[in-house]
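The numbers here are math on the coordinates, done by the rules we state, and not lab data. A quick note: this is a predicted structure, and the numbers were derived from the prediction, not measured. Every residue, glycine among them, receives a Cβ derived from its backbone with ideal geometry; neighbour counts consider all protein chains shown.
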Amino acid sequence: MKEKSSILVTGGLGYIGSHTVVELINQGFDVQIIDNLCNSDISVLHRIYQIVGIKPKFHHIDLRDLDSIKNCFRENKYNSIIHFAALKSVRESVLEPQKYYDNNIKSLENIISSMELFRVNKLVFSSSCTVYGQPDILPVKENSPFKNPESPYAETKQICEDMIKNLCGENSDIKIISLRYFNPIGAHSSRIIGESPNRIPENLVPYITQTALGKFAFLKVFGSDYNTHDGTAIRDYIHIEDLSIAHVKALNRLLNEKKLDSNYEYYNIGTGIGYSVFDVIKSFEKVSNLKLNYKILGRRDGDIEKIYADTNKSLDKLNWTARRDLDDMMESAWKWEKKNYKNDF
């Protein structure tokens with residue numbers, strides 16, 4: 001019987017990480033998780049077990065602690081890594097930039113150092129469409145130049161991708177795929193895991209669903225004077241389960257090295273459709289049969305006007321495409337929130 005591949009997932013109890021862990025286990029991978037629980041909860045480990053019947057081995061480690069990472073690598077054997085662990089709030093990064101430089105860049109440095117030391121040569125990196133800044137041409141392609149970053153968070157992702165490119169240029173044995181994904185929303189079809197930030201939501205959709213349930217008096221809409229069809233900012237939203245499948249596709253491409261065109265590849269992961277803030281609100285109102293209370297405020301520092309993906313490369317090379325539309329995404333987010341929301345404010 002063929003031995004299952006052992007995958008280390010950093011940030012594996014977070015929103016994207018937990019959904020990807022479920023998909024990996026469903027696909028037969030042996031998964032271990034590192035998470036420092038700064039924006040996640042240990043209860044997610046049991047939720048993963050509820051879905052797949054397996055509880056992954058968990059390591060409570062802060063990835064800025066190199067010695068702890070080395071001990072973890074020393075005691076366990078990994079074939080590959082999926083690296084999610086990072087701080088990801090655009091707004092917070094504007095307010096506390098050093099916190100983002102310290103965490104996001106140092107974490108990757110320590111992962112790379114441990115990979116080289118213990119000869120783990122495959123990595124899927126969680127990147128972001130923010131690396132493009134405000135593109136001159138839409139939809140944005142993978143070969144589009146990086147513009148000036150609009151936030152420290154975006155800058156950390158640019159720096160991390162540069163680090164990876166340099167590493168792969170120096171070491172041909174290491175194979176890495178960066179997934180530049182757009183805006184993940186929604187929840188697992190089981191309604192057992194979903195987006196559950198520890199603090200006030202920074203992302204649009206959990207703010208919408210929690211406002212609908214009464215946690216907030218109104219939804220804040222940041223900016224209505226953008227050059228878009230209704231004046232609000234446009235993003236490419238992708239269902240979390242579609243995104244988790246993309247990570248497994250990328251991992252399988254790495255494991256089947258003959259498929260690789262280069263030892264460093266990068267892909268857009270989105271739907272290719274741009275939706276405005278008002279489009280998202282209207283979709284939520286449609287699937288929930290509720291009227292959402294919102295107020296229009298000024299633009300928010302760090303936000304770009306509009307971005308959506310060209311996804312042809314992902315379809316061609318990863319054999320991946322998004323399957324769910326905006327109403328599907330909003331309905332799953334709403335079902336998750338209604339089932340799991342706690343009126344503890």
Problem - Debye log10 I(q)/I(0) at q = 0.08 Å⁻¹ for the chain, Cα point scatterers - result: -0.36
Handout entry: Ile82, Ile304 arranged by Cβ crowding within 10 Å, fewest neighbours leading
Key = Ile304, Ile82
Practice task
Enumerate the lysines that Lys295 could reach by cross-link, defined here as Cα to Cα under 18 Å, with residues fewer than 8 away along the same chain left out.
Solution key: Lys215, Lys220, Lys282
Exercise for the section: Using a 10 Å cut-off on Cβ atoms, rank the peptides 315-327, 289-301 from the highest mean neighbour count down. Expected result: 315-327, 289-301
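Taking only C-alpha pairs under 8 Å that are 6+ residues apart, what is the relative contact order of the chain in percent?
Result for the chain is 19 percent.
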Exercise for the section: Out of all DSSP beta bridges with both ends in region 161-320, state the antiparallel percent to the nearest 5. Expected result: 10
Exercise for the section: Normalise the Debye intensity by I(0) for region 86-217, one equal point scatterer per Cα, no solvent, then take log10 at q = 0.14, 0.22 Å⁻¹ and round to two decimals. Expected result: -0.78, -1.32
Exercise for the section: Starting from the alpha-carbon convex hull of region 17-75, give the projected area averaged over all orientations, in nm². Expected result: 4.1
Exercise for the section: Can you spot the lysines whose alpha carbon is less than 20 Å from Lys249's alpha carbon? Ignore those fewer than 8 places along the same chain. Expected result: Lys2, Lys4, Lys122, Lys141, Lys175, Lys258, Lys259, Lys313, Lys317
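For region 180-264, what is the convex hull volume of its Cα atoms per residue in Å³?
167
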Exercise for the section: Take every DSSP beta bridge with both residues inside the chain and express the antiparallel ones as a percent of the total, to the nearest 5. Expected result: 5
Practice task
Calculate, in whole percent, how much of the Cα-Cα pair population of region 184-322 lies beyond 20 Å.
Solution key: 56
Problem - Paramagnetic label zone (point 7 Å from Cα along Cα-to-C-beta, Asn203; backbone N under 17 Å) in region 171-197 - result: 179-197
Completion exercise
Cross-link reach from Lys99 to lysines, straight Cα distance under 24 Å and at least 8 residues apart if same chain, gives Lys70, Lys88, Lys147, Lys157, Lys165
Exercise for the section: Give the Rg (one decimal place) followed by the Dmax (whole number) of region 213-263, computed from C-alpha coordinates and expressed in Å. Expected result: 19.5, 54
Problem - Mean shadow area of region 1-155 over all directions, Cα convex hull, nm² - result: 10.7
Exercise for the section: Fewest Cβ neighbours within 10 Å first, please rank Tyr207, Tyr181 accordingly. Expected result: Tyr207, Tyr181
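As a footprinting exposure proxy, order Met329, Met163, Met115 by other Cβ within 10 Å, with the fewest listed first.
Met163, Met115, Met329
What 222 nm value per residue comes from the helices of the chain, counting each DSSP H run with n ≥ 4 as -39,500 (n - 2.57) and dividing by all residues, nearest 500 deg cm²/dmol?
-11000 deg cm²/dmol
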